[in-house]
Every structure is written in C-alpha cells, then in structure tokens.
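Visitor: Right, I'll just put the structure down here and ask away after.
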Amino acid sequence: MTPSPPPRAGTTVLGIETSCDETAASVVRRAPDGAPAILSNVVLSQVADHAAFGGVVPEIAARAHVEAIDGVVAAALRQAGTGWEELDAVAVTAGPGLIGGVLVGLMTARAIAAARRLPLLPLNHLEGHALTARLTDGARFPYLLLLVSGGHTQLVAVEGVGRYRRLGTTIDDALGEAFDKAAKLLGLGYPGGPAVERMAAAGDPARFRLPRPLKGAEGCDFSFSGLKTALRLQAEALAPLAETDVADLCAGFQAAVTEVLADRVRNAFARMPSGSGRPTALVAAGGVAANRTIRAGLEALCRAEGLPFVAPPMALCTDNAAMIAWAGAERIAAGLLPDPAITARARWPLDEA
C-alpha cells in the first residue's frame, strides 16, 4: 500500500460492484468529519437470469455484467446529480468473486479512471461488507464482524481500516450456499434464503430436531454440510412432502442455523485478540444477515452480552456498490490507497486485504 495525500473537503467516490449476480454502481460522499452520504445506489439483479438453473451460472453472469455495466454507471451518476469532474476516485471490487464478473467491473473502472484521470482503488469485496456498519450506523472500531453470505461465512475482528483478523470460517458450505441447497431440496426455487425464510414463518421450529453442527465445540469455525444432509434425510423419510412438512422443515433448519451462529459468535467474543480491546458491537453483514429470525437471535445474544447489535438495512446486506464506494472513501481518509495494479482475484481473504 502507498500513502495518499489528505482528502479534499469531502471525498466523493464512484463505486462499482460485479462480483456475482448483481451489477451495481453507487456514488458516496464522505465529509471531512467522517459523515457519510449515499448519493446514489443502483443495483441491477440477475436473479431472473439464473433462477431456472437453481444457482448462479458464471458465464451468464459475466455476459449480463458486460451488457449492463455502462448503463448502471450512467444511472448512478445521473441519480446522484454528479458530474465526472466532481469525483475524487473510482473504487471497484477486484475480488473475491466469480472471475468473469470481477473482470468486467475492474476493466470498466480502470477505463474510467484512466479517461478521467482519477485514482483507481481496487478493493476486496469483503472489506465493503466489513465497513458497511460505519456507513449506515457509524460503528466504532474495534467490532466483531459476522459475515454471512452466499460465498462466505466468517467471524472477523475489525480493528480499523485495513486491519482485519479472521477468528473463524466455514469448513465446508457457506451459510448462503446451505440455504440455497436447502431450498432446492425442498422445491422452493432460487434464491434460497428468502424462500426458506418465507416458508419458515408458517412452520413449527420444534417439530424436527435437526443437528447443530459444532455447537459447544472449541473455536469459532462453522460447518453446515451435516445440517444440510440431515434435512435431506428427514425430507426423504417424509416424502411426498405436504406444505406443512416443508414449512416445519424450513423452520427447523432456520432455528438450527440461528443457534449455531449464536454459539460461534459467543466464542468469538471471548477470543477477540487482546490487542483489539473489548468490541464495541457485533456487526452482521452479507445477504444472510437480512434474515429476520437470525437477526432476532443475534440481538438476543448481544443483549445478554451487554453489547449493541448492528446490521445494515436489508438493501445494504446484499451485494451493492455503496459499500465499495464507502470502503474506498475510508481508505482515502486513512491514507491507505491500494495498489492500482491489483488484478482480479477469485479468492482473496479479508485478512490479506
């Protein structure tokens, strides 16, 4: 990383995000005192393009990004009422993600930065999630981050901009992936998380006692493959499934997940690095953090621990470019500009960002 000059009176950043199945662009402004303003946040979802396949098809996603990216960037600038001359930098997801999609966003941002003579900030997508709570709620360092999305399930000590310590991760499926597979198994379609949550609302979580993998174990890692297998075996034993069976299975699955997350987070609170200090909050981020039952379980845990629980608004839990633009503005303010030559990465651990 190279030091950057102090920001001007306020920093305005264009963010671009194309790591999976959303084409997104946003303009965010950070005031000199750190106050944020989302001037625009345009997200074009590809859910309809992938629904027939039960998951994201990388080649389809990349082509859709190519077709949409110019229009989405133009819409973000128009919505913000911002001209190119008012921008201070272009921030873009450089990974982790589907490499074809990441390349589309990165090459677009690189071209804009070169043509408009703006600094290019290639960023870790996970850093966007990690810092969103500062954009939406003014969260103070250090805090504990529970990142739960389609591709990632991690517990991270967030000590400052660019300072991340991973405490635990999944040893098999990411939680979002587990929700998608559960939904597909039960015939609920894609995306799985919202479908399971809708069915669970009418179900009895106590009817099926599904396993709680790693609950009570040492450490902060997660495992969801055994829970998914138990759900499949229970569904096969009941086949053909009635609607009440599906609702009860969804409720039981969701209850198991919520208990596991609370247990792992409790362990992470006790294992925050001594140099970090007591966490100021638990922050949940990523698409699965939009699940209301999971949020309620984590809120109850935080009340017991005497700590605030922070989760972004639902629209900022899933992939978006506002979080990327904000992460860029935070890095400028901290004097931590990333190397503009960073290339697209399919894998990129947050603690190496």
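The values are calculated or read from the model by the stated rules, or taken from the named source; none is laboratory data. What you are looking at is a predicted structure, and each value in this text was computed from that prediction instead of being measured. Using ideal geometry, Cβ is built from the backbone for each residue, glycine included, and neighbour counts are taken over all protein chains shown. In case anyone asks, the SASA skips ligands and DNA or RNA and just uses the protein heavy atoms, side chains included. Shrake-Rupley method; radii C 1.70, N 1.55, O 1.52, S 1.80 Å.
Visitor: Between A242, A334, A281, which gets the highest mean-square fluctuation from a Gaussian network model of the chain, Cα cutoff 10 Å?
Guide: In the Gaussian network model the winner is A242.
Visitor: In Å², and per residue, what accessible area does the chain have when probed at 1.4 Å with the other protein chains present?
Guide: 40
Visitor: Under a GNM of the chain (C-alpha, springs under 10 Å), which listed residue has the highest mean-square fluctuation: V310, V27, V66?
Guide: V66
Visitor: Between A270 and E85, what's the calculated FRET efficiency when r is the beta-carbon distance and R0 is 35 Å? Round to 0.05.
Guide: In this case the efficiency is close to 0.10.
Visitor: Report the FRET efficiency, 1/(1 + (r/R0)^6), for S45 and R303, where r is their Cβ-Cβ distance and R0 is 30 Å, rounded to 0.05.
Guide: 0.30
Visitor: Which percent of the accessible area of the chain is formed by carbon and sulfur heavy atoms (probe 1.4 angstrom)?
Guide: Answer for the chain: carbon and sulfur cover 54 percent of the accessible area.
Visitor: Beyond 30 Å, what percent of the Cα pairs of the chain remain?
Guide: For the chain, the fraction of Cα-Cα distances above 30 Å is 36 percent.
Visitor: Determine the distance separating the Cα centre of the stretch 312-349 from the Cα centre of the stretch 208-246; give it in Å without decimals.
Guide: Answer, in whole Å: 34.
Visitor: A follow-up question, please. So, R0 is 45 Å and r is the distance between the beta-carbons of A111 and R278; what FRET efficiency does that work out to, to 0.05?
Guide: So, using R0 = 45 Å, E works out to roughly 0.50.
Visitor: Taking 0.36 nm per intervening residue step and subtracting the Cα-Cα distance, what contour gain separates A296 from E259 on full extension?
Guide: 12.2 nm
Visitor: Still on this structure, I have one more. How much length is gained if the chain between A242 and D137 is pulled fully straight, taking 0.36 nm per residue apart and subtracting their Cα-Cα distance, in nm to one decimal?
Guide: Additional length available on full extension: 33.5 nm.
Visitor: Here's something else I'd like to know. So, by mean Cβ neighbours within 10 angstrom, what's the order for 74-83, 218-227 with the highest one leading?
Guide: Answer by packing, highest mean first, reads 218-227, 74-83.
Visitor: Let me ask another. Can you tell me how much longer the chain between R198 and A74 gets when fully stretched, taken as 0.36 nm per residue apart minus their C-alpha distance, in nm with one decimal?
Guide: Value of the extension gain: 41.2 nm.
Visitor: Compute for the stretch 120-272: radius of gyration divided by Kirkwood radius, i.e. Rg/Rh, restricted to C-alpha atoms, rounded to two decimals.
Guide: 1.03
Visitor: Anyone know which of L131, L210, L123 comes out most mobile in the 10 Å Cα GNM of the chain?
Guide: Maximum among the listed residues: L210.
Visitor: Check L121: other-chain or 5+ apart residues with amide H under 5 Å from its amide H, H built from backbone geometry?
Guide: Here V90, A91, V92 satisfy the definition.
Visitor: How big is the stretch 1-148 along each principal axis, measuring the range of its Cα positions in Å and listing the largest first?
Guide: 47, 39, 30
Visitor: Quick one: Debye curve from the alpha-carbon atoms of the stretch 198-308 only, equal weights, vacuum; give me log10 I(q)/I(0) at q = 0.12, 0.18, 0.24 Å⁻¹ to two decimals.
Guide: -0.48, -0.94, -1.38
Visitor: Let me ask something else. Provide the per-residue ³J(HN,Hα) series for the stretch 146-154, in order, calculated from phi with Karplus coefficients 6.51, -1.76, 1.60 and θ = phi - 60°, each as a whole number of Hz, with x at glycine and proline positions.
Guide: 9, 9, 10, 9, x, x, 9, 9, 9
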